[in-house]
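Read the structure below first, then the notes.
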Amino acid sequence: MDELKKIIESLLFVAEDPLTAHTMGKAAGNREIAEVRSAINELIQEYEKRGGGFYLARVAGGYQFRTAPENTPWIKQLIQPNAPRLSKAALETLAIIAYKQPVIRADIERIRGVDSGGVIRMLLERKLLRVLGRKEIPGRPLIYATTKLFLQVFDLKDLKDLPSPKEIEDMALEAGQLTEADAKFTESTAKGTETLLETSQAPDATVLPGSSSTDESSQA
């Protein structure tokens, strides 16, 4: 077991994305999934007991090393990302898609009340959204859903752990994806979004394989 735990640690250390127990078991010489999961659970407990600067977390359907939240200010002193922040419009759109997926653009715009083509394209480029296929209705519009990267960014095990739209925005603010000025929008808009999400019906979508995000341009 100790040898397997060392292997798992090495695999997780070099991986850029979360790894599943199946992936790690295969890389470790086709180990049994139960054995791998047992080793992972032991590692999780060991890191929790140690209480160090990082821990092993289950996220986006897999496992990944994560830094302790309380050390975020110090990490930002070393790493200063230049990526543009998510706007309040992007966060609102992302929240709608997260809760109503699979969803088409028309339903997103019906909830938001404004054209959302540009925002959707930006979220696709950021790889926070993906195209599942096309809905079998006139025009065959694209069907959207969130990605594994979305789960990673918001530190979610799966979609069952989705926070409220207000919490999504607060998390983005803490992660530096939103400015303090944009955060003023939270009370009114986030509450309104929650109400709209509760009252609107999710589309009856037929997911088709083989479509790509590049088709979005035809829907603008």
* **Cβ-Cβ FRET estimate between residue 27 and residue 58, R0 fixed at 22 Å, reported to 0.05** => 0.75
* Structure fact -> Under the 7 Å Cα-to-Cβ spin-label approximation, residue 161 and residue 149 lie apart by a distance in nanometres of 2.0
* Structure fact -> So, with points 7 Å from each Cα along the Cβ direction, the residue 6-residue 137 label distance in nm works out to 5.8
* Where a label projected 7 Å from the Cα of residue 75 along Cα→Cβ would reach, residues of the stretch 1-35 with amide N under 20 Å -> 9-20
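Given 135/160; 5/76; 76/157; 49/127; 49/100, which pairs have Cα atoms separated by over 32 Å? Could the numbers behind the result be given before it?
Values: 135/160 24 Å; 5/76 30 Å; 76/157 24 Å; 49/127 35 Å; 49/100 39 Å.
Over 32 Å Cα-Cα: 49/127; 49/100.
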* To do: Please work out how much length the chain gains when fully extended from residue 34 to residue 85, using 0.36 nm per residue of separation minus the C-alpha to C-alpha distance, in nm with one decimal.
  => 14.3 nm
* Integer Hz, Karplus 6.51/-1.76/1.60 couplings in order for the stretch 139-155, x for Gly and Pro -> x, 6, x, 5, 10, 10, 8, 7, 10, 5, 4, 4, 5, 5, 4, 9, 6
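Read the figures in this text as sums done on the coordinates, not as results from a lab. As the structure is a computational prediction, the values presented were derived from the model and not from experiment. When we count neighbours, we look across all protein chains shown, and the Cβ atoms used for this are built from the backbone with ideal geometry, even at glycine.
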